[in-house]
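Peer 1: Would you mind keeping the following structure in view while I ask a few things?
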Amino acid sequence: MTLRFTVTSETAGRQLQSVCRQELHLSATQLRKLKAEQGLLVNGSPAFASSIMSAGDEITALLREDLPEYPPEPGELHILYEDALMLALDKPQGIIVHPTHSRNTGTLANAVWSYLLSEGEEGCHAVNRLDRDTGGVVLFAKSAWACRLLGEALAAPETEKIYLAAVYGVPDPPSGRIELPIRRPD
């Protein structure tokens with residue numbers, strides 16, 4: 001993924017790393033990786049993070065993706081939404097979102113990775129997850145950069161998450177509020 005920003009008069013006079021953090025939303029880890037790989041360019045040439053920017057400078061960040069450590073596997077996907085940064089999928093009940101140490105195949109992430117490879121995408125990152133027995137919307141980012149931004153947005157206090165549950169039978173009492181920690185059954 002390539003990110004670009006043209007330095008404005010408002011951002012001129014600041015260090016490259018500061019402009020990258022603020023305008024390109026790069027994390028400190030991403031900046032370190034870019035510096036090590038010479039993937040941080042100003043006007044087409046590698047630059048020091050401490051370089052002072054001038055109005056009109058063209059900043060380019062060449063973000064390289066690490067390949068997932070699990071194999072791609074074709075599978076049926078119910079895509080609700082897709083754009084250049086992400087996929088929103090309807091995850092059916094009974095499927096695990098991403099591989100674990102004991103299970104590296106047969107997950108939603110394996111199928112998403114296969115789909116994204118066929119579309120020429122470089123990354124596959126689950127932004128959120130649902131339990132195996134829960135169905136609902138799961139987001140996958142197409143890059144580590146997009147995953148971090150989407151994760152931050154989902155964790156923001158102004159983001160409201162609404163969960164719905166299907167109840168079979170008549171609960172006693174018929175209404176109320178449960179305020180207990182979620183844990184695995186013993």
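The values are calculated or read from the model by the stated rules, or taken from the named source; none is laboratory data. Source: prediction; values computed, not measured. Ideal geometry is used to build each Cβ from the backbone, glycine not excepted, and the neighbour counts take in all protein chains shown. These area figures cover heavy atoms from the full protein model, side chains too; ligands, DNA and RNA do not enter into them. Shrake-Rupley method; radii C 1.70, N 1.55, O 1.52, S 1.80 Å.
Peer 1: Might you let me know whether region 121-137 holds any residue that is of a type in the set (Lys, Arg), open to solvent by 100 Å² or more (accessible area, probe 1.4 Å) and in contact (Cβ under 8 Å) with a residue 24 or more places away in the chain? Reasoning before the result, please.
Peer 2: From region 121-137, those of a type in the set (Lys, Arg) are 129, 132; that's our starting set.
Of the ones still in play, those that are also open to solvent by 100 Å² or more (accessible area, probe 1.4 Å) are 129, 132.
So of that shortlist, the ones also in contact (Cβ under 8 Å) with a residue 24 or more places away in the chain come out as 129, 132.
Yes; the residues of region 121-137 include at least one that is of a type in the set (Lys, Arg), open to solvent by 100 Å² or more (accessible area, probe 1.4 Å) and in contact (Cβ under 8 Å) with a residue 24 or more places away in the chain.
Peer 1: Quickly run through region 49-76 and pick out the residues that are open to solvent by 50 Å² or more (accessible area, probe 1.4 Å) and either of a type in the set (Val, Ile, Thr) or modelled with pLDDT under 90 (or both).
Peer 2: ILE52, ARG64, ASP66, LEU67, GLU69 - these are the residues of region 49-76 that are open to solvent by 50 Å² or more (accessible area, probe 1.4 Å) and either of a type in the set (Val, Ile, Thr) or modelled with pLDDT under 90 (or both).
Peer 1: Right, something else. Provide a single number: the residues in region 34-48 that are in contact (Cβ under 8 Å) with a residue 24 or more places away in the chain and open to solvent by less than 60 Å² (accessible area, probe 1.4 Å).
Peer 2: The initial filter retains those residues of region 34-48 that are in contact (Cβ under 8 Å) with a residue 24 or more places away in the chain, namely 34, 37, 39-40, 42, 47-48.
Now drop any that are not open to solvent by less than 60 Å² (accessible area, probe 1.4 Å), which leaves 34, 39-40, 42, 47.
Summing the residues that are in contact (Cβ under 8 Å) with a residue 24 or more places away in the chain and open to solvent by less than 60 Å² (accessible area, probe 1.4 Å) in region 34-48 gives 5.
Peer 1: Give just the number: which of (1) of a type outside the set (Gly, Ala, Ser); (2) within 30 Å of LEU31 (Cα to Cα); (3) part of a strand (DSSP E or B); (4) open to solvent by 50 Å² or more (accessible area, probe 1.4 Å) does LEU87 not satisfy?
Peer 2: (4)
Peer 1: Among the listed residues ALA141, ALA166, identify the single one that is under 26 Å from GLY94 (Cβ atoms), among the small types (Gly, Ala, Ser) and more than 24 Å from the chain's Cα centre (by Cα).
Peer 2: Checking each option against the conditions leaves just ALA166.
Peer 1: Scan ILE79, ILE59 and give me the residue that is more than 17 Å from the chain's Cα centre (by Cα) and of a type in the set (A, V, I, L, M). Steps first, please.
Peer 2: Working: ILE79 fails: more than 17 Å from the chain's Cα centre (by Cα).
On inspection, the qualifying residue turns out to be ILE59.
Peer 1: Just the residues that are touching a Phe, Trp or Tyr at 6+ places or on another chain (Cβ under 9 Å) and closer than 14 Å to LEU149 by Cα, please, taken from region 21-44.
Peer 2: Passing the criteria: GLU23, LEU24, HIS25, LEU26, SER27, GLN30.
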